[in-house]
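Working notes, beginning with the structure itself.
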Amino acid sequence: MRLLVLAAVATTVLLLQGSAAKVAGKEGPSGWEPIKDLSDPHVREIAEFAINKHNEDAQTKLALDKVVKGETVGFLGTIYKLIVEVKDGANPKSYEAVVWDGKLVRFLVLFKAVEGNV
């Protein structure tokens, strides 16, 4: 069941991004709202969840430094798209994390390195 929900959420996020990019000529679906307070404890909790899940899956030891940018969209819960700055030992790195946050369950949909300026 959990895998089925994750697959449905991931597919929906990708479809939303792809179709909106074609229509709007830009990345991301229309309806994404910027997160006004990136230091909000819930936003930080979502970022920590993404990093911890990635660490568990990839056997890494990344540590959250700060949330640099974030957007949300409602879809059977809330989808968070965050740019996070992490410490990998002494090396700072940036990642894009997409997390679906439902009432009873939370999934990491995407976690990928971001190159260049964010």
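General observations
- Footprinting exposure proxy for Ile35, Ile79 (fewest neighbouring C-beta atoms within 10 Å first): Ile35, Ile79
- A simple count of charges around Asn91, restricted to other residues whose Cβ falls under 12 Å of its Cβ and scoring Lys, Arg +1 and Asp, Glu -1, yields 0.
- Dimensionless Rg ratio for the stretch 36-118, taking C-alpha atoms and the 2.2 N^0.38 Å reference: 1.02
Bear in mind that the values in this text are calculations on the coordinates, not laboratory data. Model, not experiment: these values are computed from the prediction. Glycine gets a Cβ as well: all are built from the backbone with ideal geometry, and neighbour counts include every protein chain shown.
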